[in-house]
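> First, the structure itself, so that you have it in front of you.
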Amino acid sequence: MSNWRISSFSGAMLAAYFIPNWALIAYTIMMTPVRGLYERPSVAVALYASDHLQVASMTTVRFAWMLALARMTVVAFFALFLLLAAVSFVRKQSSGSEALAIALGIGSVISFVSMIMASKVGEIEAMRLHATELLMMLGTAIVMLVDEPAAPKAIEVPSDQALDQADLPLNQAA
């Protein structure tokens, strides 16, 4: 655990929030697209699509599925980050920060666009939810930018042993 950076801990905490919440939202949208789209986390997107874009019902369903796919993509990248961070060999090398960066990038865009749509349709609670999610993701992204990578530990080799004088049985002079 000494190789973990603060951004890895922050990413793990974000993953603990986003994986169950966004997966449940996406599952609800996939099973019942219209009803799932009109629940609290996605109601601003639904109202914006129906009021401002004036799309047909089948286009609304397709729009809902695209939103569910985007949310599941973010969930998948957070899960990949957790998997990479849990493996000790990978953790010593890069800690899966690429997967975390992709999840934060896509998730931030989804939350930002949802927040803008919520402000346009007047959904204050949805706007607060999306703004909170956006700030959590942006905070972790800033920590990732500022946090220095863990320095690799140097292996000490005794100076009295040279490469040609190894203590192997095959290398002994007769």
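> In the neighborhood of Ala26, defined by Cβ-to-Cβ distances under 13 Å, what is the net charge if each Lys or Arg adds +1 and each Asp or Glu adds -1?
It works out to a net charge of 0.
> Can you sort Tyr27, Tyr48 so the residue with the fewest Cβ neighbours within 10 Å comes first?
Tyr27, Tyr48
> Continuing with the same structure: With θ taken as phi - 60° and the coefficients 6.51, -1.76 and 1.60, list the Karplus ³J(HN,Hα) couplings across the range 104-115 in order, rounded to whole Hz; mark glycine and proline as x.
5, x, 5, x, 5, 5, 4, 5, 5, 5, 5, 5
> I'd like the distance separating the alpha-carbon centroids of the range 97-145 and the range 2-51, in whole Å.
10
> With a ≥ b ≥ c taken as the square roots of the eigenvalues of the C-alpha gyration tensor of the range 6-147, please select rounded if a/c is under 1.5 and otherwise prolate if a/b is larger than b/c or oblate if it is not? Numbers along the way, then the final one.
Numbers: a/c = 2.89, a/b = 1.90, b/c = 1.52.
Here the range 6-147 falls in the prolate category.
> Full-extension gain between Met66 and Val34, please, as 0.36 nm times their residue separation minus the C-alpha to C-alpha distance. The partial results should precede the final answer.
Details: separation 32, 0.36 × 32 = 11.52 nm, distance 1.26 nm.
My answer for the length gained is 10.3 nm.
A short reminder: the numbers here are calculations on the coordinates, not readings from a lab. Computed from a predicted model, the values in this text were never measured in an experiment. Cβ atoms come from the backbone with ideal geometry, glycine included; neighbour counts cover every protein chain shown.
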